[in-house]
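Asker: Supplied in structure tokens, the structure appears directly below.
The values are calculated or read from the model by the stated rules, or taken from the named source; none is laboratory data. Computed from a predicted structure; not experimentally measured. Note that each Cβ is placed from the backbone with ideal geometry, even for glycine, and that neighbours are counted across all protein chains shown.
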Amino acid sequence: MTDFDTDHAPPVDPVLRARNRRMLVVIAIAFLGTFFAAGVLRFSGWRPAGLKSKGELLQPAADLHARGLVLADGQPYPWEPIARKWRIVVVPPAQCAQACDTLARQLDTVWQIQGKDASRVDVLWLGAVPAAAPATSHQRALRNDAGVHAALPRSGTEAGPVTYVMDPNGFAVLRYAPGFDPGDLRTDLSRLLKLQ
């Protein structure tokens, strides 16, 4: 006789067998159901609040690398994608005194809050940097170029300054309408800097 002899095994209670099968089906449904629910949420476009960007995600992203940017002094703006530098680009309207002064101070604060990663962020103004902007090396003026305006989605449709975030390769990926909360930009920029 072997250790396990099926001829002499005690019979399994049919009620116990049915209960075990039901339990196995419940476990399988619970396991596969989570995958189904995740798939439904994923394809419906839902994302957890912590993963959503605060700014408007530009799809497709606006390619400014191919166009190129020129600084106000006539020098080409260096892209240097290897340096993994992100850019905040501000497109002010023609008359933008108080709103641009306020935004310049807010952007300086956002820049400073980045701490050790602040050196990987440039703040670029399409046109002159507002006079009230703190005298820091990270805020630079770009030549006011109509081609850049045209490349940036809805850059001239607002009454106040429109702000964009550009990735290290020269693509504008996020847009912020005038009057946005600078804390939203700080949150998005902090996440983007951690990706590198």
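Asker: Tell me the residue from L185, L174 that is in contact with a Phe, Trp or Tyr (Cβ under 8 Å, 6 or more places away or on another chain) and either within 15 Å of V110 (Cα to Cα) or part of a loop (DSSP other than H, G, I, E, B) (or both), please.
Answerer: Only one candidate passes the filter, namely L185.
Asker: Continuing with this model, one more query. Scan segment 78-99 for residues that are modelled with pLDDT of 85 or more and either in contact with a strand residue (DSSP E or B) (Cβ under 9 Å, 6 or more places away or on another chain) or among the small types (G, A, S) (or both) and report the count.
Answerer: 8
Asker: Go through segment 150-171 and count every residue that is at pLDDT 85 or above and either out of contact with any Pro (no Cβ under 7 Å at 6 or more places or on another chain) or assigned to a strand (DSSP E or B) (or both).
Answerer: 8
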